[in-house]
Structure formats: structure tokens, C-alpha cells
Amino acid sequence: MSADVLSTPTSDGPAGGDLAGYHRQRLTWQPAEGEAGTETTRVTVPLDYRDPAGRTIEIAVARRPAGDPGRRIGVLMIAPDDPGNRGIPLIGQLVGALPAEVLDRFDLVAFDHRFSGDSHPIEVDWTPEERLWVFHRPQSITEEIRFQSKVAAKVADVALDLLPYASTRNVARDMDVVRAALGEEKISYLGWSYGTYLGAVYTQLFGGRADRVVLDSVLSPDWPWRGLFLNVAASTEAAVNRWCGWAAARDGELRLGDTAATVRSRYDELLDRAGREPLAVPGLPMPLDRFALEFFTVVMLTADRTYPLLGAVLKAAVHGEPVPGPAVGELMGLVNQRQDSTPAGQLAILCGESSWPRDLDRYEAEMASVGAELPFIGRTLASVKAGAFWPTSPVEPLTEIGPGNSARSILLVQSEADIFTRAVGAWRLRELLPENSRLVLAADTACHKLFPFGGHPVVNELTTRYLLTGELPEKDVTVENHQESA
């Protein structure tokens, strides 16, 4: 950014810095490679909002203009759905999923958050095992301390100077610079999972600049970030048992048992076998050790529609019948999608913006207690993580969500059996924002990122109506599961 753009500072409150020059920067747009109708640019932001005259970084931003400019409502900003994940590819996904009228009325604007994707990424040479540090299965507390401390050290070795500035508050401030640089007084917002926490923080800091806000698959503000891991341990346990009931109802096809308890026992036996020796599953391109079987299971429990994939894999493992080719292709696509992220950007947020316990004995005790209560992956997620060895301390406290939130309206969208964001998180945020939020709950439904990807007609209708009119439902709405998994 040229010096003249930054020459006339004014105050912009949340970080106490002078940001007028950033707000007035001139953006140069270029066609996006491989995405017809989408253009990209780069927006300069301060590394440290307490020192806006200091070092800067660039945020990668993409835009797809509204299809009907004469009826344009404004910008619908799309957030990355998990720390470290890219946000920009979501535009292409949404073009094929959003209702046409939403695409006609809004510019879709997406970004890669700081230190991820193309936004000043932290580059680390990861092993495949280190990339999946969250789900790394501990062999012993000693081995896991060695593994997780190495993960933290690899990030510190290349980016110690950046880590203090990796926070959701700073990502929210980056969003507001993007808003101003686009020339918009207000933005509408659509975020899933981590994007719901980011959206809550943005509306707490900049509520007067938020128009229509949709938070889907909601994280509780009480969870950052060890609390999230423990909540996922509980939700995955519930999801495995839910799937076992589904499989028992299809015993004639799967032959895994005619009660949920029988299916769970058979599944646990497979996990034990995979822990002793990797399972050669007919049709899969690789054997499954216990870690791989656990990870594949988590991926396949994400939504009702992927329950049959887990059935196909376990049927093949038990009975030696090959997994059908189309199922293999879908499964590998899901697994690869889960790994399409910037792990260092994920670590920087999850480990750096809130303090993790440093007492290693506590982790060992919780591995035992949580593992006994939640045997699927409770031990794994309660184990020590890289946050216990993080080399920097948070620069700011976490944002308190609730009183003072001046956003006009916020629509919360949640599936009741979401594996990654438990429904209690949506109810908690609804409790914290009693005046300006409403909740749409899909009962007895497993789906992460429900709108619009879940294809739920009532949820899509209600959310679309809100985006087009800006009017929340009069009260919270519970809708039924719209389809049975095949």
C-alpha cells in the first residue's frame, strides 16, 4: 500500500489505533483463476492493531458481484469455517448451493484469515501425522508430550514474531478493514463453525456495522479452546451411538447386529483389532490402523447422508465384501477435504488466543477419566495438546459475548446432532443474545454446515427469507429431520 493512502489517520476504537488510511485503500481486482465471475484482491491490514503505523500484512479477498445489480442488497461476507481453513473456495461452493435470489441480491465476499491460505500463511513442513494433531491418538502421556511439544516448536521456529497477533479479535478487525475498503457502511455475514465464533466476536466489536448475520453450526463462546475439544469428545461419542442405532435398523443389509449395543460392540472390536494390526479393508486403497479408522469414522459421522459410507466400510471390514467404488471415491474426497487447511494457522488460533493448562498431570488424569466416560475418542481429545507448550501468551482477553452487542439481528442455525458443534453451543449463544437473536433448530438431524449445504428445505427457506428481508422469525423455530439417511 502506498504511503499516501495511510497519510490521514483517524481513530477507530476497538484496538485504539488510527485506521482511516487502511479504510480508504484502493483495491485492484483481478479475475480469479478457474472461477468465472469471481475476482480477487489483497487488502492491507496492520499486523498489530495497537500499532497501525507499524508492520503490515495482506489479506487475500475474493468477490462475486451480485447477479442483479439493480436489486443488490449489499455484501454477504463469508468466513473461513475452521481456523486455518481457506475461506475463498467457499464462494465456488456457494454458487452451486445458495438460492438464486441470494446470489442475485448479494455480492459474495470471502477471505482467507490471517496466517492461513493466501493471507500471509505460516509455512511449516508438516508430516501427515502432525497435520492431524487434533486427533492424534496418544500412546502414552510421555509420547504425546513429545509429539505435541514438537508440533508447537515447529510453529515457533518459523513464526514466533507473528503468533501474538493471531486472534479472533484481530481477524474480526481485519474483516472490518475489508468492509471499509469495499466502501460498505454495513456488511451481512454468513459463517459456520469457527465462523460462528468469529461472527459473534465481530458483532460484539462492530455490531453497528452488521446487517444480516447468519451463524450456522454454532460454537459456544464458553468453549475456546480446550473446551471445544472436550465438547467434541462428547458429541462424537453420541454420534457413534446414534449411528449404531441406525446400523441396527439395517441389519438385513449390513449384518453388523440387530441392536445398537451389538453394533457398538462389533465396532469396538474392530477398533481393538486395528490397534494391534492395520485392517486390510477390501476396496480401500490403504489399510486402516486405529487412528485412521477413528478419523474416517469422525468424517463419516458428520452428516446423516454419509452414514451409509461408514456402513459400507465396516461391512467390508467385517465380512470381506469390497467397499463399492463410488463409496470409496466419496469417502476419500471427504477425507482430503478435511485436510485442506493451513495447520499452522489453525494452531495459532486454537493454541494461542486463550491460555491452555500447563499442568501436565492434569492432562494425564483427564485422559483417564474422560477416556473411561467417552471411550471412542475421549482419551484422544482430553490428552495434552500443543497449546500446553505454546511459546506466547494471549495479548488480549477473549471477547465477552452478550451485553453491548449492538447487531440488529442474528439468526442461529443448528442441527441437533451436529458432531463438531453440539447444539448446546447454539442454545448458549441464544441465551447470551436474548434480544437480537433467534434459533432455527433441525431436530434429530446430523449435519455440520446446514445452510445451504444440508439441503434441508425448511431451514433453507427460513434462512433465505431472513437474508432477503432482514426480518427474524418471531420466535425460535424447531423443524423436523427432512430425510432419512439412505
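Worth a mention:
- Check on G207, out of contact with any helix residue (DSSP H, G or I) (no Cβ under 9 Å at 6 or more places or on another chain) and of a type outside the set (S, T, Y): yes
- Number of positions in region 146-166 that are under 18 Å from G54 (Cα atoms) and not charged (D, E, K, R): 7
- Checking D81 against (1) more than 18 Å from R169 (Cβ to Cβ); (2) open to solvent by less than 10 Å² (accessible area, probe 1.4 Å); (3) touching a helix residue (DSSP H, G or I) at 6+ places or on another chain (Cβ under 6 Å), the condition it does not meet: (2)
- Candidate set from region 272-311 (those that are within 22 Å of the chain's Cα centre (by Cα) and among the charged types (D, E, K, R)); member that is farthest from A249 (Cα to Cα): E294
Residues are listed down the side, and each one gets a yes or a no for (1) among the polar types (S, T, N, Q); (2) under 15 Å from the mean Cα position of the chain (by Cα); (3) open to solvent by 10 Å² or more (accessible area, probe 1.4 Å):
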{"residue": "R86", "(1), (2), (3)": "no, yes, yes"}
{"residue": "G96", "(1), (2), (3)": "no, no, yes"}
{"residue": "V102", "(1), (2), (3)": "no, no, no"}
{"residue": "A110", "(1), (2), (3)": "no, yes, no"}
{"residue": "T127", "(1), (2), (3)": "yes, no, yes"}
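- Per the conditions (1) over 17 Å from the mean Cα position of the chain (by Cα); (2) modelled with pLDDT of 95 or more; (3) not in a helix (DSSP H, G or I), the sole criterion not satisfied by L190 is (1).
- Just so you know, in region 355-376 the residues that are among the hydrophobic types (A, V, I, L, M, F, W, C) and part of a helix (DSSP H, G or I) include one that is farthest from A239 (Cα to Cα), and it is L360.
- Residue match in region 42-53 (condition: over 23 Å from F206 (Cβ atoms) and either open to solvent by 60 Å² or more (accessible area, probe 1.4 Å) or at pLDDT 95 or above (or both)): no
- All told, L314 falls short of being of a type outside the set (S, T, Y), closer than 28 Å to P164 by Cα and in contact (Cβ under 8 Å) with a residue 12 or more places away in the chain.
- Filter pass, D161 being open to solvent by 10 Å² or more (accessible area, probe 1.4 Å) and of a type outside the set (V, I, T): yes
- Helices (runs of 4 or more DSSP H) wholly inside region 50-166 that include at least 1 residues being touching a Lys or Arg at 6+ places or on another chain (Cβ under 6 Å) and of a type outside the set (K, R): 89-95, 141-159
Residue by residue, here is whether (1) in contact with a strand residue (DSSP E or B) (Cβ under 6 Å, 6 or more places away or on another chain); (2) surrounded by 17 or more Cβ atoms within 10 Å (Cβ to Cβ); (3) assigned to a loop (DSSP other than H, G, I, E, B); (4) in contact (Cβ under 8 Å) with a residue 60 or more places away in the chain holds:
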residue: V178; (1), (2), (3), (4): yes, yes, no, yes
residue: G195; (1), (2), (3), (4): no, yes, no, yes
residue: D222; (1), (2), (3), (4): no, no, yes, yes
residue: Y267; (1), (2), (3), (4): no, yes, no, no
residue: L270; (1), (2), (3), (4): no, yes, no, no
residue: M286; (1), (2), (3), (4): no, no, yes, no
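- Test: residue in region 183-193 that is in contact (Cβ under 8 Å) with a residue 12 or more places away in the chain, in contact with an Asp or Glu (Cβ under 8 Å, 6 or more places away or on another chain), within 29 Å of E364 (Cβ to Cβ) and surrounded by 24 or more Cβ atoms within 10 Å (Cβ to Cβ): no
- Matching residues in region 368-386 - criterion: being farther than 25 Å from A426 by Cα, out of contact with any Gly (no Cβ under 7 Å at 6 or more places or on another chain) and not β-branched (V, I, T): A368, S369, A372, P375, S383, K385, A386
The values are calculated or read from the model by the stated rules, or taken from the named source; none is laboratory data. Only a predicted model underlies this, so the values are computations on that prediction, with no experimental measurement involved. Reconstructed Cβ throughout: ideal geometry from the backbone, glycine too, with neighbour counts over all protein chains shown. In case anyone asks, the SASA skips ligands and DNA or RNA and just uses the protein heavy atoms, side chains included. Shrake-Rupley method; radii C 1.70, N 1.55, O 1.52, S 1.80 Å.
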